Structures are given as C-alpha cells and as structure tokens.
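First up is the structure itself, then whatever we jot down about it.
The values are calculated or read from the model by the stated rules, or taken from the named source; none is laboratory data. Only a predicted model underlies this, so the values are computations on that prediction, with no experimental measurement involved. Cβ sites come from the backbone with ideal geometry, for glycine too, and all protein chains shown count toward neighbours. Surface accessibility is based on the protein's heavy atoms, side chains included, excluding ligands, DNA and RNA. Shrake-Rupley method; radii C 1.70, N 1.55, O 1.52, S 1.80 Å.
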Amino acid sequence: MMDTKLYIAMVGLPARGKTTIATKLKENLLREGIKTRIFNNGNLRRKMIRGNTSYAGFFDPKNREGVALREKIATLNIKKARKYLNHNGDVAILDATNVSRERREKIRSYLNDHPILFIECVNDEQEILAASILRKIDLKEFGHLTQEDAIESFKQRIAYYQSIYIPLNRDGNFISLDSLNNRIIDEEMEEEIPYHDQIRDFLVTDTVKNLYLIRHGETYFNLENRIGGDSPLTPRGHEQAKALARFFEKKKIPLIFTSQKKRTVQTAEPVKELQKNCTIIPLAEFNEIDSGICEGMSYEEIRLKMPHVYAARKKDKYNYVYPGGEGYVTMEKRIDRGIKKAIYLSNPSDNIMIIGHRAVNRMILSHFLFRRMEDVPYIYVPQHKFYYISATQHKKVFQLKSFE
Ligand code: F6P
C-alpha cells in the first residue's frame, strides 16, 4: 500500500520564497483534509536564542559556535517533524535553507520512515531579491541596525549560504522550482510520493487571497481624453485617492504595487499615510500601455489625424499594436511578470493592493478571470470603484466595489 505520510524539505538560499511556498502548500493541503505542519528553523532560532543572531557572522560556515547552534536547531525541528508524523500528522514541512549535501544527508538519515520530497526554490532576479531583502529586514531582529547596514548584513548572510550551496541533483525525490514564475525547472521521483499531483498543481498555480485592484484617480490627461503620458492627478483625483485611503484604513495593506507613473504613485501615497506599515513598490511591469506615436493624443485627434490607426485598432483592439508602442497582446508577458512579482513579494496571508491603469487593470483582471481575448480591451475599469479578487484553487471571487 502506498504511504500516506510525507516529509517535505525546502531547499534554497535566503529570500527565495521558501516560506511563502511552504505556507501555500500547507494551506492547500489542510483544505484537502491533509494534516500539515511547518517546522521553521528561523522561527525556532529566534525563540530559543535570547541574544541577537541576526548578524551575518552567525551564519559564517567557519563560525563553529554558530554552526553548532544552527545544527542543533535543525536537529530539533527534524525530530519534531518525525514525532508529528508518528502521531497524527500527514505532511511535515521542514522550512530551512538546507543548502548543503551534509544537511540533506542528515535529514535523510533521521527521517527514514516515510518518503521525503525536497523542494528547491530558485530565483536570481536582482530587482526582486532587493525587494525581498527589504521585507526581510523588517523583522524585529534587525531593528537595531540602520536600513543600509541591515541590507548589507542580510546580503552577507546570503553569501555565506551561497558558499556551501549545492543545488539539488541526484537528491532522491525532488522538485526544483522557479519560485518567481511558479515554473517547475526539474523534477525527479524515485518512488511514489503521496499527494504528488496536488503538490505539483499548488506549486504552479498563481493564487491570491485578497487582491484589491484599483485604477489611479483622475488626471489632467483624463479630462482631455488624452492617452499615455505622465500626467499628475487633478484635485478631484487627489480627493479620490483620499477616499480610497479612508476606505482601506482598517484593512492591513503592507505593500502597494503601482506603476512608475506619477498618477498611480500619487493615488497610493494617501493610502500609505493612513497605514501603520506600508511600502509602495513601483513596478515598470504595471506601466500603462505604451501608445507609441499616439502618446499624449486624444482619441478624437487620433481619429482625425491618423484614421488608419484608429480604424485598425477598432477592428481588432486586442491584437492591434500601436506603431512604436504596444498592444494588449504584447502587454501580456510583462503583466504576467508583474503579477508574479507582487505575489512573490507578499506573504501568503497579506492583502495585496495594485494601483494600475485602465489597460493594465484589464490585463490583470483577465489573468485571473480568463476572459475571451477580444473582450479584454472593453472591461469596465472606472476610477471610483475597485475590483476585489480572490483566486485560489478552491474558489474564485470577483467583485466591483465602490470606495466613495
Ligand atoms: O485614457 C487612459 C488610458 O489609461 C490611456 O493611457 C490608455 O492608452 C488607455 O486608457 C487604454 O484604454 P483603451 O485600450 O480602451 O484605449
């Protein structure tokens, strides 16, 4: 009979999304009635050791005291995991870097009563790494350092782990995952792995629990029906932003993703002000459709001065690409990348807020909503309402709500 109990051991350098993936797995498995628990070495370290262990030197493989302490913590969690499965647990997830062969050998030798699946998280996109590090150093243990020193210290910690990192290869059962793009890079199963199909599906699916998709407030360009550009908000636009901020005051919004345009950042600022702990992350991926030679023109001007452009776009709006610019069709990849970045940088339980543009928001909606391509450029994206999206393996919710 096939085993119904499983150990999962995460593998990967710090800030590669291991905890996010572990949490996502746990939540989804629990929903299926599969008893799952995470054993996180970092949390145990912070609980067990009174003194500060956030300084980089603690993670130096040559620091014998540090190594001994970390091994002790790892062993404790490994034993707890075994105990959990011996009692009534089904899946125990070891959430730690586990980057060295020795550590993985140790896991294998202690946990020899049920199959082990190693899941490696890989992501070396520098921009995302920098944003992930910023989130990490928010932890209390970095409170005594300046932001610059904390970043340096965390980078040094990563370098120490890098020096002993042996990527998965001939490691028994393993999945190597591009954790930013939710793509399986490599996998190898030497035996039957319980829940394998579910786990695989959870790993590659984009899920958002609470996503608030907002369009920027009114701009001067909007008043004239001009497209593109980098126009700021009008007084009415600022009022809309304030109303938005008040509406979300009671909800926790740790991160707001915007485009790099003034109008989205200005809409985000009042929201940030009313939050306790909130960071605005402008992403180029969420910039409005580039209308090339038509940038700054009104639709009326385009119709009169460039009738061929106007007619061609009207005929097939989704596939039409502005000369020297973009079309909905060519935005798809970058929008997809932006969504992945937002999900990657958020903790699984976080509310996510994206403040984008008309075309951008249509594409984000269609990512989760699976609208027919030709209908996407006509999705209603008003400035005084927002879309609430919840998309998990188990349910999908879309609501257009008012915040004024
Ligand atoms: O008018 C605002 C705007 O965001 C423009 O910058 C952009 O070109 C346009 O909407 C996208 O909407 P549509 O595809 O319907 O022209």
- So what's the angle, to the nearest 10 degrees on a 0 to 90 scale, between helix 64-86 and the longest Cα principal axis of the chain? 90 degrees
- Message: What does the C-alpha gyration tensor say about the overall shape of the stretch 288-403? Classify as rounded when a/c is under 1.5, otherwise prolate if a/b is larger than b/c, or oblate.
- Response: prolate
- Loop trypsin sites (Lys or Arg not before Pro), the stretch 21-98, which have at most 10 other Cβ atoms in a 10 Å radius of their Cβ (DSSP): R50, K62
- Message: Tell me the relative contact order for the stretch 6-204 as a rounded percent, counting alpha carbon contacts under 8 Å between residues six or more apart.
- Response: 33 percent
- Query: Using the per-residue mean of other Cβ atoms lying within 10 Å as a proxy for protection, in what order, highest first, do the peptides 316-329, 107-120 fall?
  - Reply: 107-120, 316-329
- May I ask for the Kirkwood hydrodynamic radius of the chain, worked out over all distinct Cα pairs and given in angstroms to one decimal? 23.3 Å
- Can you tell me the 0 to 90 degree angle between the C-alpha axis of helix 235-248 and the longest principal axis of the chain, rounded to 10? 30 degrees
- Whole-number D in µm² s⁻¹ for the stretch 123-227, Kirkwood Cα-pair radius fed into Stokes-Einstein, 37 °C, 0.692 mPa s: 180 µm²/s
- In bins 10 Å wide, starting from 0, what share of all Cα pairs of the stretch 60-124 does each bin hold, as a percent? 18, 51, 26, 5
- Message: Between 0 and 90 degrees, rounded to the nearest ten: what's the tilt of helix 126-136 against the longest Cα principal axis of the chain?
- Response: 70 degrees
- In whole Å, what is the distance between the alpha-carbon centres of the stretch 372-404 and the stretch 106-130? 36 Å
- Note on the structure: On the accessible surface of the stretch 208-402, probed at 1.4 Å with all protein chains in place, carbon and sulfur together account for a percent value of 51 percent
- Note on the structure: Ordered by number, the GluC sites (Glu not before Pro) in the stretch 1-66 that occupy a DSSP loop and have at most 16 other Cβ atoms within 10 Å are E32
- Note on the structure: Relative contact order of the chain (C-alpha contacts under 8 Å, at least 6 apart) in percent is 17 percent
- Query: Which lysines have a Cα less than 23 Å from the Cα of K305, not counting those fewer than 8 places away in the same chain?
  - Reply: K314, K315, K317
- For the stretch 1-88, dividing by residue count, accessible area per residue (probe 1.4 Å) in Å² works out to 51 Å²
- Query: Averaged over all directions, how much area does the convex hull of the C-alpha atoms of the stretch 208-402 cover when projected, in nm²?
  - Reply: 10.3 nm²
- Item | Relative packing of peptides 298-304, 217-223, 355-361 - highest average C-beta neighbours within 10 Å first | 355-361, 217-223, 298-304
- Message: If you filter the stretch 192-277 for trypsin sites (Lys or Arg not before Pro), then keep DSSP loop positions with at most 15 other Cβ within 10 Å, what is left?
- Response: K250, K251, K252, K276
- Message: If I model a spin label as a point 7 Å beyond the Cα along the Cα-Cβ vector, how far apart are those points for R135 and K305 in nm?
- Response: 4.3 nm
- Message: Can you give me the orientation-averaged projected area of the convex hull built on the Cα atoms of the stretch 164-287, in nm²?
- Response: 11.7 nm²
